[in-house]
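What follows is a set of notes on a single structure, which appears directly below.
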Amino acid sequence: MASYIAVPRDLTKVQSKVMFNLTKRQLICFLLAALLGVPSFFILKRFGDTSFAAMGMMIVMMPMFFIGMYQKNGQPLEVIISHFIRATFIRPKIRIYKTNNYYQALKRQASAEKEVEKIVRKYHRVSSPADIS
């Protein structure tokens with residue numbers, strides 16, 4: 001009987017595990033969730049029964065679990081949320097498509113050069129060498 005081990009083909013997606021088969025990020029998030037969840041359990045247990053306290057503890061701990069575990073396309077949850085907020089609320093809804101026509105740019109450049117040349121000629125006429133002597 002042969003046993004097979006699954007080896008990922010893309011080794012860039014492999015993350016180093018620190019402890020309990022968790023990455024450093026996951027371990028930190030789980031510890032923060034435990035630091036928030038356990039005291040909330042005991043605080044909520046004073047106001048209700050054990051099931052109420054357990055549900056409250058889960059609600060407090062779930063965001064930290066999602067931050068530690070969820071990844072999409074190699075990006076963690078906070079990066080995905082920041083992209084969503086930027087695309088939905090910060091950037092304008094309608095983005096106008098503007099092209100930079102090369103020929104119009106050449107025309108603008110030529111007209112700017114003509115204007116500069118006109119200013120230079122006017123300056124040279126005013127300050128000619130005959131005026132100096």
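The values are calculated or read from the model by the stated rules, or taken from the named source; none is laboratory data. Fair warning: this is a prediction, and the values are worked out from it, not measured in the lab. Here the Cβ is made from the backbone with ideal geometry for all residues, glycine too, and neighbour counts use every protein chain on show.
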Could you please find all residues in segment 48-70 being among the hydrophobic types (A, V, I, L, M, F, W, C) and either more than 24 Å from K17 (Cβ to Cβ) or surrounded by 18 or more Cβ atoms within 10 Å (Cβ to Cβ) (or both)? F52, A53, A54, M55, M57, M58, I59, V60, M61, M64, I67
Log entry, pairs with first residue in segment 63-87 being in contact (Cβ under 8 Å) with a residue 24 or more places away in the chain, second being among the polar types (S, T, N, Q), beta carbons closer than 7 Å, six or more apart or on different chains, reads G68/Q26; M69/Q26
Checking K114, K118, K93 in turn, the sole residue that is among the charged types (D, E, K, R) and modelled with pLDDT under 85 turns out to be K93
Exactly one of K45, K24, K17 is at pLDDT 90 or above, surrounded by 12 or more Cβ atoms within 10 Å (Cβ to Cβ) and charged (D, E, K, R), and that one is K45
